[in-house]
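J.: One structure, as structure tokens, below. Some questions next.
No lab work stands behind these numbers, since they all come straight from the coordinates. Because the structure is predicted, anything quoted here is derived from the model rather than measured. Here the Cβ positions follow ideal geometry from the backbone for every residue, glycine too, while neighbour counts run over all protein chains shown.
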Amino acid sequence: MKKFLVLTMTALLFFVLVACNQDSSEPETNDDATNTESEKTAEETVEAVSIEHALGTATFEEVPEKIVALEWVYAEDLLALGVQPVGVADIEGYKAWVKVDEELSSEVVDVGTRQEPSLEAIAQLEPDLIIAPKSRHEAIKADLEKIAPTLFFDAYPTDETVSQYDEMVTTFESIAKVLRKEDAAQTVLNDLNAKYDEAKASIEQAGLTTNEFVLTQAYSSQQAPVLRVFTPNAMVSVIFEKIGLKNAHEAEQFEVYGFSTLNVEALPALEQANFFHVVQEDDNVFENQLKDNPVWQNLDFVKSDRLYPLGGDAWLFGGPLSAKTLVDRVVTVVEQQ
């Protein structure tokens, strides 16, 4: 009898232990499965994003992965967000002008010129998104949208209350929103603002005799010197203002492209300012056509040597990364003077 009771108790104990082990292990297995499914769902669930652009509204259910940029600034914006485009217009020109630390991958495909991109080359890349300038590609809007959703931006606002710099930031933030990289964009802009503050302090320490500036892109046309003098609405003018300088040139009318086209006879009105300039080495109008020009030679910024060359490849129409490069150049030439 005792033996029977012992065997019975042993059997009961065995079943209790098995049941307990099953009870304790099942919740762990279910929790793991539930957590895995939740994480998977969180990764796969992306809220739709609608973007208003220069030619309409585009909605994106998913994050675009294969992106073609038909203007250099949009390629730069992607790189600033840590994204490599699959295609860019005129890669050779981009590399010659856009001087930023972030480099295009060697795998990025050239899709033609910025003026006339190759629709065939773009289509072969099977992009999820195309980013294009309105000013150049409004006429092929339908063709581009047959290939992929296309965002059009306008770097030259006709609204006089909106500067080109404002547009640059808005476009950068819109691209970041599509890519769900708003935090990364804010970090880039915060770093840029910190760069402005640092540059402003450096320029103040350099002790310029005036904080007024004139900025020009100079070149020759039919052997005559031509000066693009940037107006306050230009993106580059706003950048200069952010580092403590003041634009001396006020245009008589609103210049949508951000510059007035002047000749040397217009410069005496601006001669008290600091003269920043971008000129090509093989077309240096200051050393060639204007070298012996009496108007040029008698300008105060020439006689006082307040001439600040930014380099022939200074890019004045880029995004936040190009802005940092430009600021570094301005600080360098001011400190070296």
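J.: Please list, in chain and number order, the residues 5+ apart from H277 or on another chain whose amide H is under 5 Å from its amide H, with Hs placed from the backbone.
T.: Close amide H contacts, sequence-distant or interchain: T216, Y308, L310.
J.: Considering the dipole of the chain built from charges on the beta carbon (Lys and Arg +1, Asp and Glu -1) around the Cα centre, which of S221, G311, V46 is farthest to its positive end?
T.: Of the candidates, G311 comes out farthest on the positive side.
J.: Right, something else. Quick check: pseudo-label points 7 Å beyond the Cα along Cα→Cβ at E265 and Y156, how many nm apart are they?
T.: 2.6 nm
J.: Give me the net charge of L79's neighbourhood, meaning all other residues with Cβ under 15 Å from the Cβ of L79; Lys, Arg count +1, Asp, Glu -1.
T.: Here the charged neighbours net out to -4.
J.: Report the label-to-label distance for D183 and E198 in nanometres (one decimal), using points 7 Å from each Cα along the Cα→Cβ vector.
T.: For D183 paired with E198, the spin-label model returns 2.3 nm.
J.: Where Lys and Arg each count +1 and Asp and Glu each count -1, what net charge lies around T231 among other residues with Cβ under 11 Å from its Cβ? Before the final figure, lay out each step's value.
T.: Values: positive: R228; negative: E160, E250, E252, E255.
Summing Lys/Arg as +1 and Asp/Glu as -1 gives -3.
J.: What lysines sit close enough to K303 to cross-link, taking a C-alpha to C-alpha distance under 22 Å and skipping anything fewer than 8 places away on the same chain?
T.: K246, K291
J.: Please give the FRET efficiency for Q272 paired with E65, using the beta carbon to beta carbon distance and R0 = 51 Å, rounded to the nearest 0.05. Don't skip to the answer; put the middle values down first.
T.: Working: r = 53 Å, r/R0 = 1.04.
In this case the efficiency is close to 0.45.
J.: Hey, which aspartates and glutamates would be in cross-link range of K99, C-alpha to C-alpha under 12 Å, not counting anything within fewer than 8 residues on its own chain?
T.: Reachable aspartates and glutamates: E76, D313, D328.
J.: Which is farthest toward the positive dipole end of the chain among A266, L70, V188, measuring Cα position about the Cα centre, with Cβ charges +1 (Lys, Arg) and -1 (Asp, Glu)?
T.: Projecting each Cα onto the dipole axis, the largest value belongs to V188.
J.: Mean Kyte-Doolittle of at least -1.0 plus a Cα span of 30 Å or more along the axis: flag which DSSP H helices in the chain meet both, please.
T.: On the way: long enough: 2-44 (63 Å, -0.32); 182-206 (36 Å, -0.74).
Membrane-span-like by this rule: 2-44, 182-206.
J.: Calculate, in nm to one decimal, what S50 and E103 gain on full extension: separation in residues at 0.36 nm each, minus their alpha carbon distance. Write down the numbers at each step before the final one.
T.: Numbers: separation 53, 0.36 × 53 = 19.08 nm, distance 2.92 nm.
The S50-E103 span can extend by a further 16.2 nm.
J.: Scan around H53 for amide H atoms under 5 Å from its own, H built in the peptide plane at 1.01 Å from N, and keep only partners 5 or more places away or cross-chain.
T.: Result for H53 returns A58.
J.: If you take the square roots of the eigenvalues of the alpha-carbon gyration tensor of segment 128-283 and sort them as a ≥ b ≥ c, do you get rounded (a/c under 1.5), prolate (a/b over b/c) or oblate? Walk me through the numbers before you get to the answer.
T.: On the way: a/c = 2.49, a/b = 1.39, b/c = 1.80.
Since a/c reaches 1.5 but b/c is at least a/b, the shape of segment 128-283 is classed as oblate.
J.: Further question on the same structure: Give the relative contact order (percent, whole number) for the chain; include only Cα pairs under 8 Å separated by 6+ residues. Please list the in-between numbers first.
T.: Details: 507 pairs, mean separation 53.3, N = 337.
Here the relative contact order equals 16 percent.
J.: Measuring from label point to label point, each 7 Å out along Cα→Cβ, what is the T170 to E92 span in nm?
T.: So the two model labels end up 3.6 nm from each other.
J.: Now for a different question. Using a Förster distance of 45 angstrom, determine the FRET efficiency expected from the C-beta separation of Q297 and E116, and round it to 0.05.
T.: On the way: r = 43 Å, r/R0 = 0.96.
Result of the calculation: an efficiency of 0.55.
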